[in-house]
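First comes the structure, then the notes that go with it.
The values are calculated or read from the model by the stated rules, or taken from the named source; none is laboratory data. Here the structure is a predicted model, which is why all the values come from computation and not from measurement. Note that we place each Cβ from the backbone using ideal geometry, even for glycine, and neighbour counts take in every protein chain shown. Note: areas computed on protein heavy atoms with side chains; ligands, DNA, RNA excluded. Shrake-Rupley method; radii C 1.70, N 1.55, O 1.52, S 1.80 Å.
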Amino acid sequence: MFDWLPYNTQVVLVGVTLLGVCSGVIGCFAVLGRRALVGDALSHATLPGVGIAYLLAGGKHFAFMLLGGFVSGLLGIGVLSILKRFTRIREDAAIAIVLSTFYGGGIVIATVIQAQASGGQAGWDTFIFGQSVGMIWDDAQWIMALGLVTLVIVALLFKEFKLVAFDPAFAHVQGWPARAIDFTMMLLLLVAVVTGLPAVGVLLMAAMLIIPASAARLWTYRLSRMLFLAAAIGAGSGIAGALLSSSVALPLGPCIILFAALFFLTSLMFAPERGLLARAFQRRRDRIALLADLRAGKEPI
Amino acid sequence: MSQFAFTELEIQRAVLTIGVAAVCSVSCALLGCFLLLKRMSMLGDAIGHGVLPGIAVAFILTGQLTSLATLLGAMVFGVLTALLAESLASSNVIAEDSSLGVVYTSLFAIGVVLVSALRYVDLDLNCVLMGQLVLVPRNTIDGFAILGVEIPVAFPTMLLTLVLTLAFLTVFWKELKLVAFDPNLAQSMGYSPKLVNYLLIALIAGTTVSAFEAVGLILVLAVLIVPGASAHMLTDRLAPMLIWSAVFAVSASILGYFTATRGRYALDISGMIAVVLGVQFALVVLFAPRHGLIAKWWRNLLLSVRIAEEEILATLFRAEEAGVVVYSLALKDHGLSSWVIGYAHRKLIKRGLLTTNEAELPTLTETGRHTARNLVRSHRLWESYAGAVLDVPADHVHAIAARIEHYIGPELQDELATTLDQPPNDPHGKSIPPK
Amino acid sequence: MQSSLSSAVTTKAPKLASRISILDVHDVTVAYHRKPVLWDVDLTLTEPCLLGIIGPNGAGKSTLIKAILGLVPLVSGSVQVFGQSVASQRKSIGYVPQRESVDWDFPVSVLDVVLMGTYGSLGWFQRPGATEKAWARQCLDMVGLSDFADRQIGQLSGGQQQRTFLARALAQQADVYFMDEPFAGVDAATEQAIIVLLRKLREQGKTVLVVHHDLRTAPIYFDQVAMLNVRLVAAGPTASTFTDENLHKTYGGRLAILDRLSQAVESQTRTR
């Protein structure tokens, strides 16, 4: 289908499609669980780990960097939950603290990398801004493997995730390990973040999680449909963004997010029932009907 | 030793860089305290990201980076970010946090695309994001010097921002306090919380953008919230909180500068200041005198030692009363660890309340007996109260009283006695000792 | 489906008939930080009943239910259901949480929510099938919401949301139900419908514990009451327990000293 494109772009397309699907699906649970900004904190929190892994491996070792990002993301989750449970620091402040200090640490490590190996820096800074050019077949394989594992887990645990996201206390009373299930959702969020880093970058990864899910939410009242829609919007923005990025030589991450934002804006305007236009029309219809009733001298029930 | 020696040029550079970083950090930290208290911490983040398209647009229109237009563009987009997020949240289609997330990431993406599209001109994304504190001393005002030192361009800008911030805080002090604490009350008293909010947001946006070039987005984000959070761990009042946040901001600027520049590699100064802020916060979370984790743990430990002491005294007193000999002070059923009991025991001996008799067994001294009598009086009065007034069955009152007696002071003891008409016996028929 | 329901009831019936008490709350104390919320509460139910838990605001009514269900940690004490730990009896417990405890904008339909009641009998990874769906519809029918099965939960009125929760609890096919303020914010008609349903459950030999704060209706609705104000003031048959004296003890100023005490506890633990 895309064989008119260079091989590298084809690889990128496959990668970003799966990435869009995966972050769309996980993003739904993040958005519904009021964890949209936690996703942002986690994506920034991965940076020091990615950098340290780069230093330890002495170069761009893709899987090792992802692992490093995962570990420091876990640390971020740990700090968030300690602050929330044991101190007077509120969740919003805790998120901002983790985000900014971990990110600062990441930048400091970035300068170490810069100082250490001249020219070896290539491949590292893609994790900050995100880039597609660096995406070669091996990297894409990792992204696909992680994305598929995530999707399989969500498919298997759909019922459990839905229950815990909606009513954790009820889940606990029914005998489900609600906390463990919740933590699994958090881990998948982290996996999605780490998977997306090399393509989209630390700065915009959260958008990949939040925007497609929020757009999908406007169209439907069913969780399953919301997941499919978010996946479709994520994949669509991924493909469109990658094509735009390769044709006008702009960075991949922002291009993807631009299309996602476009999807969101369209949904916000035109979605049936929840869209702004639909709601304005509904209000107008209600008003006309009410006024008609009033003039006809109808009694309210 | 040699690495601690400074040349005159280094000192000059250090003073200038730290000066800019500290002045900028202080304005951010002061304003950030209000975001923190209003539970809008992530709004700082959102504004920080959302101003980027404003800078880009202003740059496209004027072709200059350090102009009033940039400042205005950034302020407009900062306020726009907050406004859009708020109206999206209040239209009830999406939750509050997602609204904020959607708005600022989208705006930031637009900004990055604009800046990337303009890359042939002199607006470096790296510079905006990470700041160029290293370059601060080199970028000086032409032909302007104080005491022979050339002043960097960034310095007067940041100083002006700080002055504006301080003026804003002084003028709107009462309003800010009221709005942060109780927006509804403020509204009913005729102070528009919205107006105050948006003034605050505009000021934060302005500070953010004037800080951008010097310190970068990353330090702005950290310095808006982290010093305030550290300060909040130390104090419960607003004015000291602001002062502490400024202290943290300044000390982090100094420490961050030297850690970044005096090591083997020249590290990113802004990033290092953010890391130092994080370390400060971690230390405060651990060691803060009232709200810190260790202080909390220590208070609980002290309390269990006191409970153990009182349990030992009461046990011995009851044993004396009943004419039984106490061989061991295990006190297992109170959930106290043997270490705590041992420590309490030694402390009682030291305080002269406990001694060892001829048979090497623990006994009460005269003072100890007095204290113990008082405790047992509290315990039995409480038992009587629970039995008589609260209708708790006699076989249950002991368990409750055994936990509660540790909290009954002399005043409450008197009140219990009066309520019960100075009863002679507790529900078990044991006599209540006099005061 | 009806037959399988009734068979489920009969197979569980011998458990009720035996001498084991249905619920045994022993010496339960719960505190938030150092402030006691429940103090040494004992409550034993040996016969199936419709029990109202009443008491003033902040008396720990909801906390008692949450403590029984293991949703808040106990400082001391123990809870048994049918003579065994609550964890091992999850399948015989039904729960109706407070309406505000969930996000009603969550993208699920009314039927979806009721189906969640059947999750307890499904294992990991297993999805609800046709049998479960038919049963959930039947439960919806019992609360009079059949026509709303495919609505999004956010479109329901307060009373309908409450009935959805009730249907979900019915779908659990439990023996003991715990309901946290099921009458809060519902209209009079819904309140009547709910109480009729609760009485039906009681006739089927189920036990229902209801957190309730309307003193006027309490003696009409419940055959047993538990009067709570941090500690259990009284518990037993409504006729003999719901007396002026107990009401005064529960709601009156007699607990001023307890208040002062919890203040003393708090101030000492905070400032020392």
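For segment A:256-301, give the magnitude of the charge dipole about the Cα centre (Cβ charges: +1 Lys/Arg, -1 Asp/Glu; no others), in debye to the nearest 20.
120
Could you tell me which residue out of A:F281, A:V25, A:V98 lies farthest along the dipole of chain A toward its positive end? Charges go on the beta carbon: Lys and Arg +1, Asp and Glu -1, centred on the Cα centre.
Farthest towards the positive pole: A:F281.
Please list A:R283, C:R127, B:R369 in order of solvent-accessible area, largest first, computed with a 1.4 Å probe with all protein chains present.
Sorted descending by solvent-accessible area, the residues read A:R283, C:R127, B:R369.
Compute a Gaussian network model of chain A, connecting alpha carbons closer than 10 Å, and tell me which residue from A:L227, A:L244, A:L209 fluctuates the most.
A:L244
Taking H as built 1.01 Å from N, whose amide H comes closer than 5 Å to the amide H of C:R231, not counting residues under 5 places away?
C:W39
Enumerate the calculated ³J(HN,Hα) couplings along segment A:66-81 in order (Karplus 6.51 cos²θ - 1.76 cosθ + 1.60, θ = phi - 60°), each rounded to whole Hz, writing x wherever the residue is Gly or Pro.
4, 4, x, x, 4, 5, 6, x, 4, 4, x, 4, x, 4, 4, 6
Would you please give the FRET efficiency between C:T44 and A:Q282, computed as 1/(1 + (r/R0)^6) with r the Cβ-Cβ distance and R0 = 60 Å, to the nearest 0.05?
Between C:T44 and A:Q282 the formula returns 0.65.
Given +1 on the Cβ of Lys and Arg, -1 on the Cβ of Asp and Glu, and no further charges, what dipole in debye does chain A carry about its Cα centre, rounded to the nearest 20?
The calculated dipole for chain A is roughly 1140 debye.
State the answer as a single residue: which of C:L43, C:Q155, C:T190 lies farthest towards the positive end of the charge dipole of segment C:2-271, with beta carbon charges of +1 for Lys and Arg and -1 for Asp and Glu, about the Cα centre.
Comparing the listed Cα positions along the dipole, C:L43 ranks first.
Please list, or write none, the lysines whose alpha carbon is within less than 24 Å of the alpha carbon of B:K350, excluding same-chain residues fewer than 8 places away.
Those lysines meeting the cut-off are B:K332.
Among A:Y221, C:Y119, A:Y7, what's the order by accessible area (1.4 angstrom probe), most exposed first?
Ranking A:Y221, C:Y119, A:Y7 by accessible area, largest first, yields A:Y7, A:Y221, C:Y119.
Could you pull the accessible area for C:K249 with a 1.4 Å probe, rounded to 10 Å²?
Number for this one is 20 Å².
Find, among the GluC sites (Glu not before Pro) in segment B:275-374, those assigned to loop by DSSP (not H, G, I, E, B) with at most 16 other beta-carbon atoms within 10 angstrom.
Counting only loop positions with at most 16 other Cβ atoms within 10 Å, the GluC sites (Glu not before Pro) in segment B:275-374 are B:E358, B:E360.
Given the pairs C:K133/C:K206; B:K430/C:K249; C:K66/C:K249; A:K159/B:K38, which are separated by over 30 angstrom at their Cα positions?
A:K159/B:K38
So for A:K298, C:K133, what's the accessible-area order with a 1.4 Å probe, most first?
Largest accessible area first, the residues go A:K298, C:K133.
Please work out the C-alpha center-to-center distance from segment A:219-252 to segment B:174-221 and express it in whole Å.
35
Taking the Cα atoms only, what angle lies between the long axis of helix A:7-32 and the longest principal axis of chain A, rounded to 10 degrees?
The angle comes out near 50 degrees.
With the crude spin-label approximation of a point 7 Å out along Cα→Cβ, what separation in nm comes out for A:M269 versus B:W298?
For the pair A:M269/B:W298, the computed spacing is 6.2 nm.
When the convex hull of the C-alpha atoms of chain A is computed, what volume per residue in Å³ does it have?
Cα-based convex hull of chain A, divided per residue, equals 174 Å³.
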